[in-house]
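One structure is given here, and the rest of the page talks about it.
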Amino acid sequence: MAAVGDLQFEEFGNAAATAAENPGATTISIEGPGESPTHQAGLPRGSGGEEDDELLGNDDSDKTELLAGQKKSSPFWTFEYYQTFFDVDTYQVFDRIKGSLLPIPGKNFVRLYIRSNPDLYGPFWICATLVFAIAISGNLSNFLIHLGEKTYHYVPEFRKVSIAATIIYAYAWLVPLALWGFLMWRNSKVMNIVSYSFLEIVCVYGYSLFIYIPTAVLWIIPQKAVRWILVMIALSVSGSVLAMTFWPAVREDNRRIALATIVTIVLLHTLLSVGCLAYFFDAPEMDHLPTATAAPNQTVAAAKAS
């Protein structure tokens, strides 16, 4: 056994040289507080990893989804629960509006704009703005059509606001609810169907209605041909957003069911567009109302004269 005096510390200046002299030795490098650890150069990342990231999606969006899932949810009866649905900034709202106006073929609107943070702020105010745009434009259109007529007396139709609000908000909530229930039912039948949450579907429908706001303002132009051209443009843009968003969710289903689902979505959207145009702007006016009311008076006067 070695004596205590024989034991001494030895300072190794170069670990690499020591390892070269004794290949079997194990060396441990301890860095000081101000030194940064050195790593061995690994294999360079090839283009295959980048291609995988492209196919799987954006890393940042995936991390955002994971972090969003880790947030503690408040009870539904608290204000904090509903506050999360309106937690969106102006940049995100404008970006989603731009995406609804310029749909990109082959790109999923939910995956590209919505999934990281679905909101109700944009859909709520888009629907509210659309309600007032349709009601006010309908009143102005009626006023401009009869402008200059001596027998016409303009009376604001405030009931159009409540009617427009009922139609728009019922469409923006009940149709997504029915579609969400249908997709959940089909997801239980076909396991590989892409699933959307109810909030994501409401968000898509709300932002798809934005293009009808400038369209409703331009409907003031008293030309039927111009109005129908505008409605076709708005319908093609917003309808393509809905079709390209929900086609990936049903394309793995039965071919007939998938096509019937997309056709139903587009038909309901068409019914909303044409119905608003026909009711608020192209409604038949009772031009002969004064003549109809005057006829009985003339009959009574003739009877008295005889």
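How would you order 111-124, 94-107 from highest to lowest mean count of nearby Cβ atoms within 10 Å?
Listed from highest to lowest mean packing, they are 111-124, 94-107.
On the first, second and third principal axes, largest extent first, how far apart are the outermost C-alpha atoms of segment 193-234 in Å?
The Cα atoms of segment 193-234 stretch 44, 18, 9 Å along their principal axes.
When ranked by the protection proxy of mean other Cβ atoms within 10 Å per residue, highest first, what sequence do the peptides 221-231, 161-171 form?
Highest mean packing first, the order is 161-171, 221-231.
Using the eigenvalues of the Cα gyration tensor, what equivalent ellipsoid semi-axes result for segment 135-273 when each is taken as the square root of five times the eigenvalue, whole Å, largest first?
38, 15, 10
Give, rounded to the nearest 20 debye, the magnitude of the charge dipole that segment 88-282 has about its Cα centre when Lys and Arg contribute +1 at Cβ and Asp and Glu contribute -1 at Cβ.
Computed charge dipole of segment 88-282: roughly 400 debye.
If you add up the charges near Asn139, with Lys and Arg at +1 and Asp and Glu at -1, over every other residue whose beta carbon is less than 10 angstrom from its beta carbon, what do you get?
Every neighbour counted, the sum reads 0.
Could you tally up the Lys pairs in segment 88-282 with alpha carbons closer than 30 Å? Skip any pair fewer than 8 positions apart unless they're on separate chains.
So the count of such lysine pairs works out to 7.
How do the peptides 127-137, 263-273 rank, highest first, by the average count of neighbouring beta carbon atoms within 10 Å per residue?
So the peptides 127-137, 263-273, ranked by packing, come out 127-137, 263-273.
Positive end of the charge dipole of segment 88-282 (Lys, Arg +1 and Asp, Glu -1 on Cβ, about the Cα centre): tell me which of Pro103, Ser162, Asn187 has its Cα farthest that way.
Comparing the listed Cα positions along the dipole, Asn187 ranks first.
Taken together, the values in this text are just the output of simple stated rules run on the coordinates, not laboratory data. Everything quoted here is computed from the prediction, not taken from an experiment. Note: ideal-geometry Cβ built from the backbone for every residue, glycine included; neighbour counts use all protein chains shown.
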